[in-house]
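> Just dropping this structure here.
The values are calculated or read from the model by the stated rules, or taken from the named source; none is laboratory data. Remember, it's a predicted structure, so these values are computed and weren't measured experimentally. In this analysis, Cβ positions are derived from the backbone assuming ideal geometry, glycine residues included, and neighbour counts consider all displayed protein chains.
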Amino acid sequence: MKTYKKTKEIILKLNPNISMPDKWKWRINLSGANLSGADLRGANLGGADLSAANLGGADLSAAYLIGANLIGAYLSEANLGEADLRGANLGGANLGEADLRGANLGGAVGIVVIQSECFTMYIQADTTTIGCKTKTNEEWLKLDIETAVKMGIKREHFEAYHAFFKAAMLILNSAGIEGRPSRIDNPDQLC
């Protein structure tokens, strides 16, 4: 497993003749690569195969990840703020404590995003992140209001979280194991 720390190193080691401005004609295969803690700010990784890659703690802020394959990628504590993940496949990706603020997840596969004035939920087939708290979906389903309050979840938000969570799980389950593009920009759509 190779470890890369900078975007230019990745690109030059894989293809020294690559044309950086051309966002659609090249694909990078980093499947299973160890990119833990890598500085990939603004990286052009559109269509890249990052399946099962270790991107834990990596800085992918403002990265271009349109259509990237992130199936099974480890993205725990990664900074994906303002990243463009349109059409990316996040099926089975570990997004525990990842920063997704401002990320564009339109059409992303394997994730449902619910945004409201009070909270944002990132719901996957196995795990869900509400605010900055990530738990397995089984744990979220078993959560009671007293435990939620101890976790710092406002009592008045708990019922909304649970309702949106259950609705999103229905969407993911109806899509099958791999999921399908799903995005809920207006939680009122679920009422």
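> Sort through T127, T120, T147 and tell me the only one that's closer than 19 Å to L50 by Cβ and of a type in the set (S, T, Y).
The unique qualifying residue is T127.
Yes or no, residue by residue, for (1) at pLDDT 80 or above; (2) closer than 26 Å to G57 by Cβ; (3) surrounded by 18 or more Cβ atoms within 10 Å (Cβ to Cβ); (4) among the polar types (S, T, N, Q):
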| residue | (1), (2), (3), (4) |
| --- | --- |
| K135 | yes, yes, no, no |
| L141 | yes, no, no, no |
| K166 | no, no, no, no |
| G176 | no, no, no, no |
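> Test each condition in (1) surrounded by fewer than 22 Cβ atoms within 10 Å (Cβ to Cβ); (2) more than 30 Å from A160 (Cα to Cα) for L55 and report the one that comes out false.
Condition (1) is where L55 drops out.
> Go over the candidates I66, I114 one by one and state the one that is closer than 26 Å to L170 by Cα, over 11 Å from the mean Cα position of the chain (by Cα), crowded, with 19+ Cβ neighbours inside 10 Å and at pLDDT below 90.
On inspection, the qualifying residue turns out to be I114.
> Counting only residues that are farther than 10 Å from S51 by Cα and small (G, A, S), how many does region 87-101 have?
4
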